[in-house]
Amino acid sequence: MDKGIDFVVVNFYRSEYVYLLVRSIHKYTKDPYTIYIMNNGINEGEDNNYDELKALFDDDDKVVVLKGVEQEQEIKPEDTNSVECKIGGRMISIASKTKTESQRKGIRSGNREFVCLLDYDAIFLNEWVDDVLPMLEDYTFIGERWEPALGTVKDQILLIKRKTLELYNLYPNTDYQDGSGNLTYFCHRQKLSFTYFENSFNNRDLRKLHLLNIGNGEQCFVNGKPFYYHYARGATRDKSLYHQWITAASNYLGGD
């Protein structure tokens, strides 16, 4: 097993999100690491997203672009509750299922000692590695936030040791409640410890400490330091909100 972190990011038609996230990883993450970008948009034919991403990161030796699970760009209303979770029978979007399928492929493509799942509509805000990775000595995994309605930890950012993931077969899936809900379910059943970051979704008072001046999303903290901002539902934002994120994140990260 190689030292460092394997990042796994799933793209769905918005390569600009991925570009900003990769910039933030480069700026705030210590070596060594590899970033696996899984394209869940169109992978073949004229003007496809896969070739676009390959060209975008052609000279970046830390980025690997792979074909994920192709999806239509428009998610139809009748598709939003089209997959049944094996445990409990909750109906979820097909997008949740295809996301975890691509995440599993991305994880298996790497061999570093830590795995970090990331949503693509997010950026790192500060250096974080020395604060976060030692936490995995005490916890099976660490997620972004607690989802009270589901009783699970969400995976907008989720870190786990590869040896732990493989030992317990904790590859993300949609068996319980939603994407990656199987990790929370397994840890509850096996009485294993897990946690989530202090964040402004579960604690709204923390919104006053947001570093990005935008109305949507939540910010994560570690040891009192803001380190990660997730815009939330980036694939469905209209053009004005989409450009709001691009502008805010670009301004925060500054020049290349």
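Restricting attention to the stretch 130-167, the residues that are of a type in the set (G, A, S) and more than 15 Å from the chain's Cα centre (by Cα) add up to 2. Of all positions in the stretch 28-48, none carries a residue that is in a helix (DSSP H, G or I), open to solvent by 40 Å² or more (accessible area, probe 1.4 Å), without any contact (Cβ under 8 Å) to a residue 60 or more places away in the chain and on the phi < 0 side of the Ramachandran plot. Among the conditions (1) farther than 22 Å from G106 by Cα; (2) surrounded by fewer than 16 Cβ atoms within 10 Å (Cβ to Cβ), the only one that F227 does not satisfy is (2). The sole residue among V64, V83, V69 that is surrounded by 14 or more Cβ atoms within 10 Å (Cβ to Cβ), touching a strand residue (DSSP E or B) at 6+ places or on another chain (Cβ under 9 Å) and at pLDDT 95 or above is V64.
Screening the stretch 86-106 for residues that are in contact with a Phe, Trp or Tyr (Cβ under 6 Å, 6 or more places away or on another chain) and within 17 Å of F7 (Cβ to Cβ) and picking the one that is most open to solvent (accessible area, probe 1.4 Å) gives R104.
Of D175, D205, which residue is of a type in the set (D, E) and over 20 Å from the mean Cα position of the chain (by Cα)?
D205
Restricting attention to the stretch 1-40, the residues being of a type in the set (A, V, I, L, M) and out of contact with any helix residue (DSSP H, G or I) (no Cβ under 8 Å at 6 or more places or on another chain) number 3. Sort out which residues of the stretch 82-131 are over 20 Å from V63 (Cα atoms) and among the acidic types (D, E), and write them in order of number. Scanning the stretch 82-131 gives E84, D130, D131. Cβ-Cβ contacts under 7 Å between residues 6 or more apart (or on different chains), taken from a first residue in the stretch 233-256 that is farther than 15 Å from F12 by Cα and modelled with pLDDT of 65 or more to a second residue that is open to solvent by 50 Å² or more (accessible area, probe 1.4 Å) and assigned to a helix (DSSP H, G or I), are listed as I246/E16; L253/K27.
If the requirement is being of a type in the set (D, E) and out of contact with any strand residue (DSSP E or B) (no Cβ under 6 Å at 6 or more places or on another chain), which of these qualifies: D205, D155, D175?
D205
Out of I107, I87, I92, I142, I need the residue that is farther than 22 Å from E16 by Cα and in contact with a Cys (Cβ under 7 Å, 6 or more places away or on another chain). Which one?
The match here is I92.
The values are calculated or read from the model by the stated rules, or taken from the named source; none is laboratory data. Nothing here was measured: the structure is a model prediction, and the numbers come from that model. Cβ coordinates were reconstructed from backbone atoms using ideal geometry, including for glycine residues, and neighbour counts include every protein chain displayed. Heads up: the accessible areas ignore ligands, DNA and RNA and are worked out on the full protein's heavy atoms, side chains in. Shrake-Rupley method; radii C 1.70, N 1.55, O 1.52, S 1.80 Å.
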